[in-house]
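The values are calculated or read from the model by the stated rules, or taken from the named source; none is laboratory data. On a predicted model such as this, the values are computed, not experimentally measured, just so you know. As a convention, Cβ positions derive from the backbone with ideal geometry for all residues, glycine included, and neighbour counts pool all protein chains shown. We work out accessible area using only protein heavy atoms, side chains counted, and drop any ligands, DNA or RNA first. Shrake-Rupley method; radii C 1.70, N 1.55, O 1.52, S 1.80 Å.
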Amino acid sequence: MDTNPNYWMAGLKILGALGLLIFGMKQMSEALQKMAGPQLRHILGRMTTNRWTGIMTGIGVTAAVQSSSATTVMTVSFVSAGLLTLAQAISVIMGANIGTTLTAWIISLGYDMDLTNIVFPAFFVGMILIYRQRHRFVGDFLFGIAFMFLSLVMLSTTGKELDLANNDAVVQFFASFDTQSYLTILAFLAIGTIITCIVQSSAAVMAITIMLCSTGVLPIYLGIALVMGENIGTTATANLAALGANREARRAALAHLVFNLIGVTWVLCVFYPFVNLVLRLANGASLPVVLATFHTCFNVTNTLLLIGFIPQIEKLCYHLLPDNEEPKEPFHLQYIESNLIKTPEIAVLQAQRETARFGERMQDMFGMVKNLLQEKNDKEFTKLLNEIAYQEDYSDQMELAIANYLEQVSNAHLSDETKEKIRSMMRQVDELESVGDACYNLSNVLKRQHEDGKQYTARQMENITKMVELVDKALTQMNQVIKGHRREQNIADTLNIENAINDLRNQLKADNLDNINKREYSYVVGTLYNDFINECEKLGDYVVNVVQARLGI
């Protein structure tokens, strides 16, 4: 009877187990993020008052969602949205590196234990909870953790079946590496980095390292080198996600890489004494526990050494990505980076901030109309006209970009409250685009007046100024409502301004007919005047619509 293991089948089992592990970690992490979405948002936004609270926040959030990549990408998105400074983000990232050591401990301890009795009940309970929609996220979490534990069982079983310790070819292959050579350590560090970058999962690299070390064929020094490489490779997730983000977000992702590179560099300088110290701390524990112990010691020590150098790391990131190299783009959203985050709560927050920015741009656009009204210089008048036309095109692009982003977010499993927020913002951006159209129409009225060489009378200019001030006041109130907490806002002030706009429009419309009949100005001037007043009144209506959408009316 052939007792040799089937290496092809074993290889497929290992690949399948790693696939299950990555899927299980992803499922568990996303379920935890959905269950704690609003809380995570508030924790990250408020609990970063200094470097120590930032580190504790990073540890807590990463331990909660079981993914340093999720925490780091979330942090990068907060920097992109202007909710965290770069210094705050660096402290959170440091904490995330410590928090991820819990994952290493789960994998190492799970590898040594028989988890079969846990896996199948977890699948059964998870299935029941998923079908009960109220607790589906808890069910998703149980399915994720069950898949993760099942993968560890598969890896452990396959490792034992391979019996690599008795395979002379494999033993001789690993024995050919000089564990006392820095070149060997650097080679395995590079392998760990590359594999982690490819599979986008430090947990998978940790699991395969544990399997090889447990069989006795991979020396502990080389296993630790792979773990160090995993610490560098795991930074790829945030850096890839930040490629299309703004410069501040890219600096935050770069800070993660810099932090881990510095850590790996100093550990390499004292590699053998440091590893020997970890071995003494582990005190004869199993190799999986030794790897988890090293992972913890490395990240905790690195954070303690570098916490006092956060300002210097910040300066280095600014030096590597200076402001003067920021490319000029015709259109770019400031807060929304669709490739940064998949957590619906964070995505909605980003969209809300972008919507608030949209409102501010529309008020700035109306300010250009006000300037156009006063401009007498032909060259400056044309320049302002072109700028307003550009802003109108920009507003069209903003509406589509925000709406498309919200549409993507709405495809996820969302709470009723989050769905309502998305519907509200869809209405807001639609009406804000109409505000931009109204501003553009006002500029066209002034353009016709300018081309015809017509002038408003002093009384007409006085009335137009009153109307413009009311509309500007309405826009200011609108932006306060958009940026404020919805429960603290009301529509009364907006309606009062709208009523004042309507009353003024009705009065000026009646007076305009009388003045034309009295020959105080020509019919053409009266028509241009009336068109401007009517367009202002329409703009006021759009403002009311925006406020109603924001307040859910």
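Annotations
- Residues that are within 23 Å of residue 359 (Cβ to Cβ), surrounded by fewer than 19 Cβ atoms within 10 Å (Cβ to Cβ) and among the acidic types (Asp, Glu) within region 431-488 comprise 437, 469, 472, 488, listed in sequence order.
- Residue 261 vs. criteria at pLDDT 80 or above, of a type in the set (A, V, I, L, M, F, W, C) and either part of a helix (DSSP H, G or I) or within 23 Å of the chain's Cα centre (by Cα) (or both): yes
- Meets criteria (touching a Ser or Thr at 6+ places or on another chain (Cβ under 8 Å), surrounded by 14 or more Cβ atoms within 10 Å (Cβ to Cβ), closer than 16 Å to residue 15 by Cα and at pLDDT 80 or above) for residue 196: yes
- With respect to (1) open to solvent by less than 80 Å² (accessible area, probe 1.4 Å); (2) over 25 Å from residue 499 (Cβ atoms); (3) touching a residue at least 40 places away in the same chain (Cβ under 8 Å), the lone exception for residue 410 is condition (3).
- Selection over region 123-137 of residues that are part of a helix (DSSP H, G or I) and at pLDDT below 80 gives a count of 7.
- Test: residue in region 229-236 that is surrounded by 24 or more Cβ atoms within 10 Å (Cβ to Cβ) and of a type in the set (Ser, Thr, Tyr): yes
- Pairs with Cβ under 6 Å, 6+ apart, first in region 524-553 and within 29 Å of residue 486 (Cβ to Cβ), second open to solvent by 20 Å² or more (accessible area, probe 1.4 Å) and assigned to a helix (DSSP H, G or I): 537/505; 542/431; 542/434; 545/431; 546/431; 549/427
- The set of residues from region 166-188 being open to solvent by 80 Å² or more (accessible area, probe 1.4 Å), closer than 15 Å to residue 219 by Cβ and either among the polar types (S, T, N, Q) or modelled with pLDDT under 80 (or both) comprises 172, 173, 176, 180.
- Answer from 530, 512, 517 - the residue that is within 27 Å of residue 448 (Cβ to Cβ), loosely packed, with under 15 Cβ neighbours inside 10 Å and either in contact with a helix residue (DSSP H, G or I) (Cβ under 7 Å, 6 or more places away or on another chain) or modelled with pLDDT under 90 (or both): 517
- Residue match in region 65-85 (condition: open to solvent by 50 Å² or more (accessible area, probe 1.4 Å) and modelled with pLDDT of 75 or more): yes
- Taking region 279-305 as the range and being over 36 Å from the mean Cα position of the chain (by Cα), of a type in the set (A, V, I, L, M, F, W, C) and assigned to a helix (DSSP H, G or I) as the test, the residues that pass are 279, 281, 282, 287.
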